[in-house]
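A short write-up of the structure that comes next.
The values are calculated or read from the model by the stated rules, or taken from the named source; none is laboratory data. The model shown is predicted, which means the values in this text are computed figures rather than measured ones. Counting neighbours? That spans all protein chains shown, and the Cβs are built from the backbone with ideal geometry, glycine included. The area values use the complete protein model at the heavy-atom level, side chains included, leaving out ligands, DNA and RNA. Shrake-Rupley method; radii C 1.70, N 1.55, O 1.52, S 1.80 Å.
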Amino acid sequence: MKNRYLYITLLAVMGFSTEIKSEEARPQSVPRLIINIVIDQLRTDYMEAFSPLYSDGGLKRLLNEGKVFVNASYPFMPVDRASAIAAIATGTTPYYNSIVGWRWLNRETLRPVGCVDDPQFTGIFTSEKVSPSGISTSSFGDELKVATGGKSLVYAIAPYSDAAILSAGHAGDAAFWIDDAQGEWCSSSYYQQTLPMWLQNYNSQQALARKINGISWDPLHEFSGAFNYFLQANSNNKPFKHKFSGDSRFLDFKESALINAEITDMAQYCIGHTGIGTDKIPDLLCLTYYAGTFGHQRVTDCQMELQDTYVRLDRELSKLMAYTDHFFGRNEVLYVVTSTGYNDVETSDYDSFRIPTGTFYMNRTANLMNMYMGAIWGQGNYVEATFRNHIFLNHKLLETKKISISEATSRAQEIVAMMSGVRNVYTSLQLLTSQNTQIERIRNAFHPERCGDVIIEVAPGWRILNEDTQQSELSIASFTPFPIIFCGSGMKAERIATPVTTDRIAPTLARTIRIRAPNACSSEPLF
């Protein structure tokens, strides 16, 4: 009898254990649609400061209902819009994905080129010839396409070609942006030979070109003029009013708060006319919004405009999420929101406040290096070009004179290190071979085919000037706070203070829908 009871008990325990394992093994639901939102120049401090002016359905909803990683950063520096979006899409740094910035110097022509420039593909409704061929690795969207045999839909919508194309990746169905000259939504023949009919209809009815003459930018909120977050109060708190005219009107519009409404309207139209997110196969929609200053001005010169930008951004996010809630259901869409992690560097009058500053002249440095190397190895044009803070050596001349790159860059490093304002000098070989973790962020931003042989880092507060082009950059080492937010699709609300990096977004999404991460992504998922 005892053995019988023992047998029954064992069967009951085994059955209960099997039930638990079966329950644990049951796959969680996969979102129908992932909406990956990158907000150019979004800052946590501004986002939180202007919250009294928000609705409940936009930024507040993301912060209250999402899994919020409050201390996000990029694992490389410097960062700009293009390198940031490429890093999010590929789950890796410029060292592997090759997108070192919006522009770089072509070593063969010694001319600057755009990160998505490609003369092989003509533009559709635009003169730009662009493609994603500059990306050296796969993206999350590419891997989604591979995993579903091409059945998943991948679209990208942005104000600019670089943001749209880098988001769409190699295998995306389409990338759309607004042409700077014509003010219409456009694309590249890389994706298709003509615009889809639904987009042609949208252009004919709602393109920016059809309505920009009647558009003016006024404060959205009645309290925008009275509410002021900034320490330095604006001397003129009167409501602003901006019109858009002239040859640069479409470009000016893209650098205003009003561009975000165009992105939302286009996203809704795309959802309603492409079938994206309507079946059980997960799809991806990549959107780029704007949260920078109007016309890249100083914050002190456009405080009211910046506040209104965040208020309007909140409204557009609320409108987008309300639309997808109605179209798909509240738990069928996963939102991923983050920032490009940089801000336009403001011109600072350090001299008048006796703060240490100075100017580092790239052309003078190149001439000095030519004289120095000429004294050692004989006259010659050893420095072939400079671009930003990069010095490009003449490899053919060095090869002719039987001088190794290692020796030439070492000599260059010696002479530049002695100059005023120089904080660090890095050589290409040093960045390729060094295991020094202290320069890891610099190394992650380096790519041997698209960066110089010598990279100069000046002290904070100093400016690097190219005398030929008059382009200058102010060195700022301060941190820009921004979050990574996952919201929707059953995501539990949580606020996480642990520092995280944006290259972990792609592997997190890959794990969420159970596909392979991008092929150069070695980072761990966030959860």
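Taking the range 340-385 as the range and being assigned to a strand (DSSP E or B) and either closer than 30 Å to D45 by Cβ or in contact (Cβ under 8 Å) with a residue 60 or more places away in the chain (or both) as the test, the residues that pass are G358, T359, F360, Y361, E384, A385.
Output yes when any residue across the range 469-485 is at pLDDT below 90, aliphatic (A, V, I, L, M), assigned to a strand (DSSP E or B) and surrounded by fewer than 21 Cβ atoms within 10 Å (Cβ to Cβ), and no when none is. For the range 469-485, residues at pLDDT below 90, aliphatic (A, V, I, L, M), assigned to a strand (DSSP E or B) and surrounded by fewer than 21 Cβ atoms within 10 Å (Cβ to Cβ): present. Looking at the range 361-375, is at least one residue farther than 30 Å from A506 by Cα, within 27 Å of the chain's Cα centre (by Cα) and loosely packed, with under 15 Cβ neighbours inside 10 Å? Within the range 361-375 (the criterion being farther than 30 Å from A506 by Cα, within 27 Å of the chain's Cα centre (by Cα) and loosely packed, with under 15 Cβ neighbours inside 10 Å), the answer is no, since none of the residues qualifies.
Among the residues of the range 327-335, is there at least one that is surrounded by 15 or more Cβ atoms within 10 Å (Cβ to Cβ) and either at pLDDT below 90 or assigned to a loop (DSSP other than H, G, I, E, B) (or both)? Within the range 327-335 (the criterion being surrounded by 15 or more Cβ atoms within 10 Å (Cβ to Cβ) and either at pLDDT below 90 or assigned to a loop (DSSP other than H, G, I, E, B) (or both)), the answer is yes, since at least one residue qualifies.
Quick check, is D40 open to solvent by 20 Å² or more (accessible area, probe 1.4 Å) and either under 22 Å from S256 (Cα atoms) or in contact (Cβ under 8 Å) with a residue 24 or more places away in the chain (or both)? First the steps, then the outcome.
On the way: open to solvent by 20 Å² or more (accessible area, probe 1.4 Å): no; either under 22 Å from S256 (Cα atoms) or in contact (Cβ under 8 Å) with a residue 24 or more places away in the chain (or both): yes.
It is false that D40 is open to solvent by 20 Å² or more (accessible area, probe 1.4 Å) and either under 22 Å from S256 (Cα atoms) or in contact (Cβ under 8 Å) with a residue 24 or more places away in the chain (or both).
Looking at this structure, is A520 among the aliphatic types (A, V, I, L, M), open to solvent by less than 30 Å² (accessible area, probe 1.4 Å), in contact (Cβ under 8 Å) with a residue 24 or more places away in the chain and outside any loop (DSSP other than H, G, I, E, B)?
No: the conditions fail for A520.
Look at the range 477-492: where a residue is farther than 23 Å from R81 by Cα and a partner is open to solvent by 10 Å² or more (accessible area, probe 1.4 Å) and not charged (D, E, K, R), sitting 6+ places away or on another chain with Cβ atoms under 6 Å, you get S489/N331; G490/N331.
For the range 51-78, a tally of residues being in contact with a Ser or Thr (Cβ under 9 Å, 6 or more places away or on another chain), within 20 Å of L313 (Cβ to Cβ) and not polar (S, T, N, Q) returns 12. I513 falls short on exactly one of the conditions (1) within 17 Å of V345 (Cβ to Cβ); (2) open to solvent by less than 20 Å² (accessible area, probe 1.4 Å), and that condition is (1). Filtering the range 86-130 to residues that are open to solvent by 80 Å² or more (accessible area, probe 1.4 Å) and among the basic types (K, R) leaves R103, R111, K129. Can you spot a residue in the range 201-210 that is in contact (Cβ under 8 Å) with a residue 24 or more places away in the chain, touching a His at 6+ places or on another chain (Cβ under 9 Å) and more than 23 Å from Y95 (Cα to Cα)? Yes, some residue in the range 201-210 is in contact (Cβ under 8 Å) with a residue 24 or more places away in the chain, touching a His at 6+ places or on another chain (Cβ under 9 Å) and more than 23 Å from Y95 (Cα to Cα). Which one is modelled with the highest pLDDT, of the residues in the range 284-302 that are more than 19 Å from the chain's Cα centre (by Cα) and polar (S, T, N, Q)? Ranking the qualifying residues of the range 284-302, first place goes to Q297.
For the range 250-282, a residue qualifies if it is open to solvent by 30 Å² or more (accessible area, probe 1.4 Å) and either free of Cβ contacts under 8 Å to residues at least 60 places away in the same chain or under 20 Å from the mean Cα position of the chain (by Cα) (or both), and the qualifying residues are L251, D252, D265, Q268, G272. For the range 154-171, the tally of residues that are without any contact (Cβ under 8 Å) to a residue 60 or more places away in the chain, farther than 13 Å from T137 by Cα and touching an Asp or Glu at 6+ places or on another chain (Cβ under 8 Å) stands at 1.
Taking the range 144-167, which residues are open to solvent by 10 Å² or more (accessible area, probe 1.4 Å) and not small (G, A, S)? Once the filter is applied, which keeps residues that are open to solvent by 10 Å² or more (accessible area, probe 1.4 Å) and not small (G, A, S), the range 144-167 yields K145, V146, T148, K151, L153, Y155, Y160.
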